[in-house]
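*Asks:* Handing you this structure, nothing more for now.
Throughout, read-outs are computed from the coordinates displayed, never taken from laboratory work. Note that the structure is predicted; figures quoted are calculated from it, not measured. Note that we place each Cβ from the backbone using ideal geometry, even for glycine, and neighbour counts take in every protein chain shown.
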Amino acid sequence: MVKFDHISGHFNLVSDELKNRLSSYQRGKEKFKVGISVDPETRWIKHSRSQHQWNKMVVLYESSSHSIISQAETELIKYSQDRFPDSCQNKVSGGGGINVPYLYEKFYLYLLLK
């Protein structure tokens, strides 16, 4: 299940709001993970079939810039690793990235929940 509850805007202006939303969504969850995609629905299908048994994907942020979405991913993963080390499943602070980003106009940051 993909829920779109996203905001847009320059990351420096919305980063506090994104951290608040991440904190709210992860509350009471066993595990969560931050990621980026150009196609959240297709990405969800792959995640939902993985061994990790994710229950939900929440799209939190949309940007037209690959570098900004990558910055947002890195910052939110670091924030999550510091604040929620037991439940954050990101082992590295981003960087998996999107292949050939110049082919896409929109990029999304999402949160997987379990």
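*Asks:* Specify the residue with the greatest mean-square fluctuation among L22, L13, L60, computed from a Gaussian network of the chain linking alpha-carbon atoms under 10 Å apart.
*Replies:* Its mean-square fluctuation being the largest, the pick is L13.
*Asks:* Averaging sequence separations of C-alpha pairs under 8 Å and six or more residues apart, then dividing by the length of the chain, give the relative contact order as a whole percent.
*Replies:* Computed value for the chain: 44 percent relative contact order.
*Asks:* Using the Karplus curve 6.51 cos²θ - 1.76 cosθ + 1.60 with θ = phi - 60°, what ³J(HN,Hα) values do you get for each residue of region 4-9, in whole Hz, with x for Gly and Pro?
*Replies:* So the J values, rounded to whole Hz, are 9, 9, 9, 10, 9, x.
*Asks:* Okay, moving on. From the phi of every residue in region 22-36, what ³J(HN,Hα) in whole Hz does the Karplus formula 6.51 cos²θ - 1.76 cosθ + 1.60 yield, where θ is phi - 60° and glycine or proline is x?
*Replies:* 4, 4, 5, 5, 7, 4, x, 9, 5, 9, 8, 8, 9, x, 10
*Asks:* Search the structure for amide H atoms under 5 Å from the amide H of Y61, placed 1.01 Å from N in the peptide plane, and list their residues when 5 or more places away or on another chain.
*Replies:* I7, L109
*Asks:* Now for a different question. Could you list which residues have their amide H under 5 Å from that of K56, counting only those 5 or more apart in sequence or on another chain, with H placed in the peptide plane?
*Replies:* Counting only residues 5 or more places away or on other chains, the set is L113.
*Asks:* Kindly write out, for region 66-79 in residue order, the coupling ³J(HN,Hα) from the Karplus curve 6.51 cos²θ - 1.76 cosθ + 1.60 (θ = phi - 60°), rounded to whole Hz, with x marking Gly and Pro.
*Replies:* Values, residue by residue: 5, 5, 5, 5, 5, 4, 4, 4, 4, 5, 6, 5, 4, 4 Hz.
*Asks:* Per DSSP H run of at least 4 residues, take -39500 (n - 2.57); add these up for the chain, divide by its residues and hand me the 222 nm value, nearest 500 deg cm²/dmol.
*Replies:* -12000 deg cm²/dmol
*Asks:* Find which of F107, S64, G94 sits farthest along the positive direction of the dipole of the chain, computed with +1 on the beta-carbon of Lys and Arg, -1 on that of Asp and Glu, about the Cα centre.
*Replies:* So the residue we want is G94.
*Asks:* Could you give the longest part of the chain that holds none of the GluC sites (Glu not before Pro) found in DSSP loops with at most 12 neighbouring Cβ atoms within 10 Å?
*Replies:* No qualifying site falls inside 31-104, the longest such stretch.
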